[in-house]
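See structure below.
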Amino acid sequence: MPEALAERGRFGDRLAAAIAASTGLCFGIDPHPALLAGWDLADDADGVRDFGLRAVEGATGRVAIVKPQVALFERHGAAGLAALAEVLAAARAAGLIVIADTKRGDIGSTMDGYSAAWVDADAPFASDAVTLSPYLGFGSLSGAIARAGESGAGVFVLAATSNPEARDAQTATVRTGQHRGRTLAAANVAEAAAHARGAVERGSLGDVGVVIGATVRLLDYGIEPADLAGVPVLAPGFGAQGARLGDVRSIFGVAAPQVLASSSRELLAGPLAELGDRLVAATAELGR
Ligand SMILES: O=c1ccn([C@@H]2O[C@H](COP(=O)(O)O)[C@@H](O)[C@H]2O)c(=O)[nH]1
C-alpha cells in the first residue's frame, strides 16, 4: 500500500465517517467581490486569503466539509493562488475535509500535472478531493483517479451540473460502447458506481464521486437514486441557486445520506460575526 494512503486511509471512508459524525453540509468558500466588501476586505490577494481563513475559522467545529472555489482565488494571479494554498492548508490543519473546486479535465498525460498539483500527498495545493470534468471522456480521468486513490484522495466527476445550460449536452444519448443508450450524465454516474463496488461491500463510500446539482430532476437526466449506490454526490445549487437544504431527501431519495449539500453565497452573505449562526442554522435545516 502506498505510504500516503496508509497514513490517512481512503477518501471515501473518511468522508463517510465525517458525514456520520456531522452532516453532509458542504460550505462553499467563494470570495466574490461583493462578499469581500461585506466583510470589509479588499478585492485583492490579501483579501481573498483573509476571507478564506475567516471562513475556515467559522467552519471549524460547525461543519465537516468545505469547498473552496479555485477560480475566485485564481483571478488574483500568482498571489491569489498562494492565498488559496494557505487557505487549503489551514482547512486541512483544522480537520476539515477539503474539496478543491477545480473542474479540471484534459488528456491523460496532462492530467498527471493536475494530479501533482492537487491530490498527491506533497502537492502544492494538497486537497482531500478535486472536481474533474469528464468531457474528454471518462477514461481520460483514469490516471488521475488512480493517483488520487494512491494518496488517499478522491475526485468528484461532473455528471448533471446545476446550471440550466448544461442540460442538452448532459442528457444527450451515448451512441457507442458499454454505455450505449444512456444519457451522458447517467454514463458518468455508472462509471463512478463501478469504482464504488468495494466500498458498498464494506458499508462505506467510494473514492470517486459525482457532481449532481440540487437544481436538476434526476430522472430528466436518466439517473435513478438507486444508481448512486456508494457514490458520494457533491450537490451544489442550495441557497443562491434556489434549492432548499430541507429538500435533500425529496431531491435525492435513497441517495440522500451520501449527498454533500453545497451552498456558498447564501452562507457567506451577511455579517462575518453571524457566520457561525448561519452555519448552525443550515446544519439544522439539512438535518441528518
Ligand atoms: O454543477 C455545479 C458545479 C459546481 N458549482 C459550484 O458550486 C458553487 C455554487 O455557489 P453558490 O453560491 O452556492 O451558488 C460555485 O463555486 C460553483 O462554481 C455549481 O454551482 N454547480
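Where a number appears in this text, it was derived from the coordinates with a stated rule and is not lab data. As the structure is a computational prediction, the values presented were derived from the model and not from experiment. Quick reminder, even Gly has a Cβ in these numbers, built from the backbone with ideal geometry, and neighbours come from all protein chains shown.
Out of all the residues in the stretch 161-180, is one or more of a type in the set (A, V, I, L, M), crowded, with 21+ Cβ neighbours inside 10 Å and within 26 Å of residue 241 (Cβ to Cβ)? Even if it seems obvious, please write down each step before you answer.
Our first condition is that a residue be of a type in the set (A, V, I, L, M); within the stretch 161-180, this holds for 166, 169, 172, 174.
Applying the additional criterion that residues be crowded, with 21+ Cβ neighbours inside 10 Å yields none.
There is no residue in the stretch 161-180 that is of a type in the set (A, V, I, L, M), crowded, with 21+ Cβ neighbours inside 10 Å and within 26 Å of residue 241 (Cβ to Cβ).
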Requested in this report: Please list, ordered by first then second residue, the pairs with beta carbon atoms under 6 Å, 6 or more apart or interchain, first in the stretch 23-40 and in contact (Cβ under 8 Å) with a residue 40 or more places away in the chain and on the phi < 0 side of the Ramachandran plot, second crowded, with 19+ Cβ neighbours inside 10 Å and of a type in the set (Lys, Arg).
Outcome: 26/67; 28/67
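So is residue 213 closer than 17 Å to residue 27 by Cα, within 11 Å of the ligand (Cβ to nearest atom) and either among the acidic types (Asp, Glu) or touching a helix residue (DSSP H, G or I) at 6+ places or on another chain (Cβ under 9 Å) (or both) or not? Can you show your working first?
Details: closer than 17 Å to residue 27 by Cα: yes; within 11 Å of the ligand (Cβ to nearest atom): yes; either among the acidic types (Asp, Glu) or touching a helix residue (DSSP H, G or I) at 6+ places or on another chain (Cβ under 9 Å) (or both): yes.
Answer is yes for this residue.
Those residues that are buried (at least 16 other Cβ atoms within 10 Å of the Cβ) and either polar (S, T, N, Q) or more than 18 Å from the chain's Cα centre (by Cα) (or both), I need them from the stretch 18-27; list them, please. Give the steps one after another, and end with the answer.
Let us first name the residues in the stretch 18-27 that are buried (at least 16 other Cβ atoms within 10 Å of the Cβ), namely 18-19, 22-27.
Of everything in the stretch 18-27, those that are buried (at least 16 other Cβ atoms within 10 Å of the Cβ) and either polar (S, T, N, Q) or more than 18 Å from the chain's Cα centre (by Cα) (or both) turn out to be 22, 23.
Quick one: count up the residues across the stretch 6-17 that are surrounded by fewer than 23 Cβ atoms within 10 Å (Cβ to Cβ), closer than 18 Å to residue 119 by Cβ and touching a residue at least 60 places away in the same chain (Cβ under 8 Å).
Quick first cut of the stretch 6-17, residues surrounded by fewer than 23 Cβ atoms within 10 Å (Cβ to Cβ) only: 6-10, 13-14, 16-17.
Narrowing the set further to residues that are closer than 18 Å to residue 119 by Cβ leaves 6-10, 13-14.
Next, from what is left, pick out any that are touching a residue at least 60 places away in the same chain (Cβ under 8 Å): 7-10, 13-14.
Within the stretch 6-17, residues that are surrounded by fewer than 23 Cβ atoms within 10 Å (Cβ to Cβ), closer than 18 Å to residue 119 by Cβ and touching a residue at least 60 places away in the same chain (Cβ under 8 Å) number 6.
In the stretch 127-140, what residues are more than 16 Å from the ligand (Cβ to nearest atom), under 17 Å from the mean Cα position of the chain (by Cα) and hydrophobic (A, V, I, L, M, F, W, C)? Let's see the steps before the verdict.
If we filter the stretch 127-140 for residues that are more than 16 Å from the ligand (Cβ to nearest atom), which is where we start, we get 128, 136-140.
Okay, now just the ones that are also under 17 Å from the mean Cα position of the chain (by Cα), so 128.
Scanning the stretch 127-140 gives no hits.
This table checks each residue for (1) of a type in the set (Lys, Arg); (2) closer than 23 Å to residue 60 by Cβ; (3) surrounded by 21 or more Cβ atoms within 10 Å (Cβ to Cβ).
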{"residue": "98", "(1), (2), (3)": "no, yes, yes"}
{"residue": "106", "(1), (2), (3)": "no, no, no"}
{"residue": "120", "(1), (2), (3)": "no, no, no"}
{"residue": "126", "(1), (2), (3)": "no, yes, no"}
{"residue": "129", "(1), (2), (3)": "no, yes, yes"}
{"residue": "133", "(1), (2), (3)": "no, no, no"}
{"residue": "140", "(1), (2), (3)": "no, no, no"}
{"residue": "147", "(1), (2), (3)": "yes, no, no"}
{"residue": "153", "(1), (2), (3)": "no, yes, yes"}
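So for the stretch 11-18 (the condition being within 14 Å of the ligand (Cβ to nearest atom) and in a helix (DSSP H, G or I)), does at least one residue qualify? Break it down into steps so the answer makes sense when it comes.
At the first step, the residues of the stretch 11-18 found to be within 14 Å of the ligand (Cβ to nearest atom) are none.
There is no residue in the stretch 11-18 that is within 14 Å of the ligand (Cβ to nearest atom) and in a helix (DSSP H, G or I).
Every residue, every condition in (1) of a type in the set (Phe, Trp, Tyr); (2) in contact (Cβ under 8 Å) with a residue 40 or more places away in the chain; (3) under 24 Å from residue 258 (Cβ atoms), yes or no:
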{"site": "64", "(1), (2), (3)": "no, yes, yes"}
{"site": "78", "(1), (2), (3)": "no, no, no"}
{"site": "92", "(1), (2), (3)": "no, no, yes"}
{"site": "97", "(1), (2), (3)": "no, yes, yes"}
{"site": "110", "(1), (2), (3)": "no, no, no"}
{"site": "118", "(1), (2), (3)": "yes, no, yes"}
{"site": "138", "(1), (2), (3)": "yes, yes, yes"}
{"site": "148", "(1), (2), (3)": "no, yes, yes"}
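In the stretch 233-245, is there at least one residue being part of a helix (DSSP H, G or I), away from the ligand (no atom under 16 Å from the Cβ) and not acidic (Asp, Glu)? Quick ask: steps written out before the conclusion?
The first filter runs over the stretch 233-245 and keeps only residues part of a helix (DSSP H, G or I), leaving 245.
Going one step further and asking which of them are away from the ligand (no atom under 16 Å from the Cβ), we end up with none.
So far as the stretch 233-245 goes, no, none of its residues is part of a helix (DSSP H, G or I), away from the ligand (no atom under 16 Å from the Cβ) and not acidic (Asp, Glu).
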